[in-house]
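Take a look at the structure set out below.
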Amino acid sequence: MSFSFFRKAPKFWERRGPTSLILWPLSWLYGLILRARKLVLDTGLIKQKPAPIPVIIVGNIRVGGTGKTPIVIALAERLQQLGWNPGIISRGYGSSSQLAPLQVKSDSDPALVGDEPVLIAKRTHNQFPIWVFPKRQQSIRALLKQSPNVNVIISDDGLQHTGLDRWPAREGGRDIEFVVHDGRGEGNRFLLPAGPLREPATRERDATLLTAKDSAHKIGQQEEYFQGRRAFSLLGHLGAAYQLINPNNHQTLSQIADSYLPNKITAVAALGNPQRFFDDLLSQGIAGKCIPLPDHASYTPEFFEKINAQCILITEKDAVKCAAINDERIWVVPLSLSLPDNLAEWLQSILQRPDPYRYNL
């Protein structure tokens, strides 16, 4: 069931009110479909072939972005430091017209393969093989055929993708299911369409990745739990901005705040949760006009020409869609994420387990 027409999260998703209660019967029906699908999978009637190497799924149960892409980048880079050879797969938003998996490079067309995979390729300087296709099993096969040295796959989303069989870490396997939980939480905790959830809030997972600001102070604690499973707090921070038309030209956010009056600064973001970007800028002393757009929205030169500002701030995800735009006022603000050491150690302990598929118990 697809609810992609909810390009922008409705306000009634955040609390239970008349609209969400009217829609609740549809949510109940959607939940019934989910339970029936799980029952069919549990019976083993549909034979699925697992991936030959461990799969780490970074997903969310809430519709709309929760900040998965910076986490995928941080995971790939940390795993490489630990001696692994990661590969990355993604559905590739907007790539539904594909007939076969496509490899993504930093110069790939975002309209064809999706903005997030291109951003990952750019940020990681094409260090990791990245493939996109709605059917993730086919992506994994194509990736491993091209890059047979890859020994762990990171899947950008895919928690709800039933075509990708896995043996989760919580059941003794090496596949890891992460649920990303941002500051919005689960809203009114209703399933679609009455609420923002693709699956129940209590959905099983191997660990939760908490990205809300109020969870940042917990970093360093050895034991943290959410929904009865291990949890890790991830701290993101905005870096120095670089000019879109000249990436070698940098300005710190404090320099931008000192150089322009607030009414001459405009921030634009096409994200699942654009308010997070605006709040992060505000915490750095930048208070300007904010233009939130639906996730994955595209840009034209005319859009920026109409903005009355001396400085326009955008995210890196937006920047990959602005290659044809030549506007010296646009500055790109990168977001970096650091993984706590206890998360890296836990990952190592799971991935180093013996291959569970070699044994018939």
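Suppose we keep just the DSSP beta bridges with both residues in the chain; what percent of those would be antiparallel, to 5?
Numbers: 14 of 52 bridges.
Bridges in the chain are about 25 percent antiparallel.
Using amide H atoms built in the peptide plane, which far-off residues or other-chain residues are under 5 Å from residue 313 H to H?
266, 267, 268, 331
Fully extended, how many nm does the chain gain between residue 171 and residue 246 (0.36 nm per residue separation, minus their Cα-Cα distance)?
Details: separation 75, 0.36 × 75 = 27.00 nm, distance 4.96 nm.
22.0 nm is the gain from fully extending residue 171 to residue 246.
Hey, what do the phi angles of the range 57-70 turn into as Karplus ³J(HN,Hα) couplings, whole Hz, using 6.51/-1.76/1.60 and θ = phi - 60°, x for Gly and Pro?
So the Karplus estimates, Gly and Pro as x, are 9, 9, x, 8, 9, 8, 5, x, x, 10, x, 6, 4, x Hz.
Over all Cα pairs of the range 22-109, how is the pair count split among 10 Å bins, expressed in % and running from 0 up to the last occupied bin?
11, 27, 38, 20, 4, 0
Could you tell me which chymotrypsin sites (Phe, Trp or Tyr not before Pro) in the range 1-81 are loop residues by DSSP with no more than 15 other beta carbons within 10 angstrom of their beta carbon? Present the calculation step by step, with values, prior to reporting the outcome.
Working: sites: 3, 5, 6, 12, 13, 28, 30; in loops: 3, 5, 6.
Filter output for the range 1-81: 3, 5.
Given a 1.4 angstrom probe, I'd like the percentage of the accessible area of the chain that is carbon and sulfur, rounded to a whole number. Before the final figure, lay out each step's value.
Values: 9360 of 17360 Å².
It is 54 percent, rounded to a whole number.
Using heavy-atom solvent-accessible surface (probe 1.4 Å) with all chains present, what is the largest-first order of 202, 211? Before the final figure, lay out each step's value.
Details: 202 95, 211 10 Å².
Ranking 202, 211 by accessible area, largest first, yields 202, 211.
Would you mind pulling out the separation of the Cα centroids of the range 144-167 and the range 241-266, in Å?
Value for the Cα centre distance between the two parts: 39 Å.
Along Cα→Cβ, 7 Å out, is where each label goes; now give me the distance between the ones at residue 15 and residue 289 in nm to one decimal.
So the label points at residue 15 and residue 289 sit 3.0 nm apart.
From the helices alone, meaning DSSP H stretches of at least four residues, give me the mean residue ellipticity at 222 nm for the chain, per-run term -39500 (n - 2.57), in deg cm²/dmol to the nearest 500. Spell out each step's value before the answer.
Details: 10 runs with 101 residues, N = 361.
Calculated from helices alone, the mean residue ellipticity at 222 nm is -8000 deg cm²/dmol.
Across every pair of different alpha-carbon atoms, what Kirkwood hydrodynamic radius in Å does the range 138-205 reach? It would help to have the intermediate numbers written out before the result.
On the way: mean 1/r = 0.0697 Å⁻¹.
Kirkwood hydrodynamic radius for the range 138-205: 14.4 Å.
From the mean inverse distance of alpha carbon pairs (Kirkwood) and the Cα radius of gyration, derive Rg over Rh for the range 1-147.
Numbers: Rg = 18.1 Å, Rh = 17.7 Å.
Radius of gyration over Kirkwood radius for the range 1-147 works out to 1.02.
With the other protein chains left in place, how much accessible area per residue, in square angstrom, belongs to the chain at a 1.4 angstrom probe?
Numbers: 17360 Å² over 361 residues.
Ligands and nucleic acids excluded, the result is 48 Å² per residue.
Taking the simple approach of a point 7 Å from Cα along Cα-to-Cβ for both residue 46 and residue 263, what is their distance in nm?
5.7 nm
Would you kindly calculate the translational diffusion coefficient of the range 115-264, applying Stokes-Einstein with the Kirkwood radius from alpha carbon pairs, for 25 °C and a viscosity of 0.890 mPa s, and quote it in µm² s⁻¹ without decimals?
Details: Rh = 19.0 Å.
Approximately 129 µm²/s, per Stokes-Einstein.
Give, in whole angstrom and from largest to smallest, the semi-axes √(5λ) of the equivalent ellipsoid of the chain, with λ running over the eigenvalues of the Cα gyration tensor.
Details: eigenvalues 223, 120, 85 Å².
Semi-axes from the Cα gyration tensor: 33, 25, 21 Å.
So what is the relative contact order of the chain, in percent, for Cα pairs below 8 Å that sit 6 or more residues apart? Can you show the working numbers first?
Details: 675 pairs, mean separation 70.8, N = 361.
Taking the mean separation of contacting Cα pairs over the length of the chain, I get 20 percent.
Based on the mean of other Cβ atoms within 10 Å per residue, sort peptides 256-262, 65-71 so the most packed one is first. Let's see the in-between values first.
Working: 256-262: 13.7, 65-71: 22.6.
My ranking of the peptides, most packed first, is 65-71, 256-262.
Which entries in the list 68/213; 264/321; 11/306; 49/122; 68/289; 49/145 go over 21 Å, if you measure between the two C-alpha atoms of each? Show your work: numbers first, answer last.
Values: 68/213 15 Å; 264/321 23 Å; 11/306 27 Å; 49/122 32 Å; 68/289 26 Å; 49/145 17 Å.
Among 68/213; 264/321; 11/306; 49/122; 68/289; 49/145, the Cα-Cα distance tops 21 Å for 264/321; 11/306; 49/122; 68/289.
Under a point-charge model restricted to the Cβ atoms of Lys and Arg (+1) and Asp and Glu (-1), what is the dipole moment magnitude of the chain relative to its Cα centre, in debye to the nearest 20? Don't jump to the answer; show the numbers that get you there.
Details: 42 positive and 34 negative charges, 220 e Å.
With Lys and Arg at +1 and Asp and Glu at -1, about 1060 debye.
How many nm is it between the label spots at residue 125 and residue 358, if each spot is 7 Å from the Cα in line with the beta carbon?
Going by the 7 Å Cα→Cβ label model, 3.5 nm.
The values are calculated or read from the model by the stated rules, or taken from the named source; none is laboratory data. Computed from a prediction, not measured in an experiment: that's the story for all the values here. Backbone-built Cβ (ideal geometry, glycine too); neighbour counts: all protein chains shown. Only protein heavy atoms, including side chains, enter the accessible area calculation; ligands, DNA and RNA are left aside. Shrake-Rupley method; radii C 1.70, N 1.55, O 1.52, S 1.80 Å.
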